[in-house]
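K.L.:
Could you have a look at this structure, given as structure tokens, before my questions?
The values are calculated or read from the model by the stated rules, or taken from the named source; none is laboratory data. Predicted model, so just to flag it, every value in this text is computed and none were measured. All Cβ positions, glycine included, derive from the backbone under ideal geometry; neighbour counts span all protein chains shown.
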Amino acid sequence: TERPVKCSGCGIKLQTVNKELPGYIPESAFEREPVICQRCFRIKNYNEASSVSVDQDEFLHLLSGVGEKNALVIHIVDLFDFEGSLISGLQRFVGNNPVILAVNKCDLLPKVTNWNKLRNWMQQRCKEHGLRTAEIVLVSAKRNQGFERLLETVSELRGQRDIYVVGATNVGKSTLINRLISDYSDLEQELTTSRYPGTTLDMVKIPLDDGHYIIDTPGIVYPWRYSELVERRDLGAVMPENPLKPAVYQLNEGQTLFFGGLGRFDFIQGPRQSFTCYISTTLKIHRTKLERADSLYQDHRGELLTPPAAADMDKLPQWQRHEFRIGRGSQTDLFISGLGWIKVNGTEGAVVAVHVPRGVKVLTRPSLI
Ligand code: GDP
């Protein structure tokens, strides 16, 4: 297939030669849809002013009729990227229809996890985001766990409703849909899917045995998730496939941790305390002195501090520093969308900072575990 000559954003002639000149596009970005120049890409994804991404707007527009319909909504989120994959604004669109929050990838957490406490924690987060959930179900599409509970809940709430399945990309939606289909329709019969009437996006209706439908909606691309920013080959490094092995670091103030070359955590001020990193086990953590951190990064990014590889370094936006003052009292996570989180175990307060590419969502929250 021929590749586009012009940026589908601003219409400029594309070129891969000179970053400083208009129309520049990195070779790899031709694989991304839409094909747009780096400038448009930056405006689209990192403009602070339009923090609600266009794609979410599009998505919610697509959903705008659902409030008037008799629907059951299954909203799938990724436990590893909870705040990054939660669809804020969903409530307005679903009206009074029930929402089941299916929290996928629960296999990533340690076996000892207190699941009830976890469910309460999630309920709190949903409340903060204005989302009412009829039920929160923890599942693992990969391990085939939690589905009985999910299907039970679906049966209880379904009545005469169609089932809408919504979620961000990479949350495990495909796997879950397949499972629903195999439980609700005749496997002997080949599945016929059809495009949802009146939409140009890939909204797919899957008929169930009882004359109702599962509606699979397109995955939302959220620009603030690290998993959307990295090259495909580095996706495996950020998105954990296996249970997280919490890595505990006893740090003095003035120490820094690097997560490969993907991010950095500074303990700036506070009493000696421990920090627990919940990140993919494939990412190597390097400890150094805060005062050495800048030069270490300059000298060793793409080599010692990798991924990304040297060739991919400039494809990511510049790092941005986010400083936080952690108060005394309850335990806090520093959450980095798509990369994981760092639990501040001390309760006597600390000043810390996180460095990640501009646009990646970083926030503090009460500790998940
Ligand atoms: P979709 O984009 O939402 O349809 O997500 P996919 O079903 O394609 O899954 C996206 C990625 O998440 C894949 O790399 C899966 O291997 C991984 N994944 C999906 N479900 C789980 C799960 O339950 N646990 C873990 N650890 N990974 C999962």
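K.L.:
Return yes or no: is Leu296 part of a strand (DSSP E or B), of a type outside the set (Gly, Ala, Ser), at pLDDT 95 or above and out of contact with any Cys (no Cβ under 8 Å at 6 or more places or on another chain)? Explain how you work it out, then say what you get.
P.N.:
Values: part of a strand (DSSP E or B): no; of a type outside the set (Gly, Ala, Ser): yes; at pLDDT 95 or above: yes; out of contact with any Cys (no Cβ under 8 Å at 6 or more places or on another chain): yes.
In short, no.
K.L.:
Looking at the range 70-116, which of its residues are within 16 Å of the ligand (Cβ to nearest atom), surrounded by fewer than 23 Cβ atoms within 10 Å (Cβ to Cβ) and aromatic (Phe, Trp, Tyr)?
P.N.:
If the condition is that a residue be within 16 Å of the ligand (Cβ to nearest atom), surrounded by fewer than 23 Cβ atoms within 10 Å (Cβ to Cβ) and aromatic (Phe, Trp, Tyr), then Phe82, Trp115 are the ones that fit.
Table: residues versus (1) over 30 Å from Val154 (Cβ atoms); (2) exposed (fewer than 15 other Cβ atoms within 10 Å of the Cβ); (3) aromatic (Phe, Trp, Tyr).
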position: Asp209; (1), (2), (3): no, yes, no
position: Ile214; (1), (2), (3): no, no, no
position: Pro218; (1), (2), (3): no, no, no
position: Glu241; (1), (2), (3): no, yes, no
position: Ala247; (1), (2), (3): yes, no, no
position: Ile268; (1), (2), (3): yes, no, no
position: Leu304; (1), (2), (3): yes, yes, no
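So that you can scan it fast, the table gives a plain yes or no per residue for (1) in contact with a strand residue (DSSP E or B) (Cβ under 8 Å, 6 or more places away or on another chain); (2) at pLDDT 90 or above:
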{"position": "Val66", "(1), (2)": "yes, no"}
{"position": "Ile74", "(1), (2)": "yes, yes"}
{"position": "Phe82", "(1), (2)": "yes, yes"}
{"position": "Gly89", "(1), (2)": "no, no"}
{"position": "Arg119", "(1), (2)": "yes, yes"}
{"position": "Ile136", "(1), (2)": "yes, yes"}
{"position": "Ser140", "(1), (2)": "yes, yes"}
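K.L.:
If I go through the range 123-168 residue by residue, how many of them are surrounded by fewer than 15 Cβ atoms within 10 Å (Cβ to Cβ), within 16 Å of the ligand (Cβ to nearest atom) and on the phi > 0 side of the Ramachandran plot?
P.N.:
Going through the range 123-168 one residue at a time, the tally reaches 1.
K.L.:
More than 16 Å from the ligand (Cβ to nearest atom), crowded, with 20+ Cβ neighbours inside 10 Å and not assigned by TED's automatic domain parsing to the domain that holds Gly159: is that true of Gly260 in this structure?
P.N.:
Working: more than 16 Å from the ligand (Cβ to nearest atom): yes; crowded, with 20+ Cβ neighbours inside 10 Å: yes; not assigned by TED's automatic domain parsing to the domain that holds Gly159: yes.
In short, yes.
K.L.:
Take the range 209-232 and flag every residue that is within 13 Å of the ligand (Cβ to nearest atom) and either more than 15 Å from Asp81 (Cβ to Cβ) or among the polar types (S, T, N, Q) (or both).
P.N.:
Asp216, Thr217, Pro218, Ser227, Arg232
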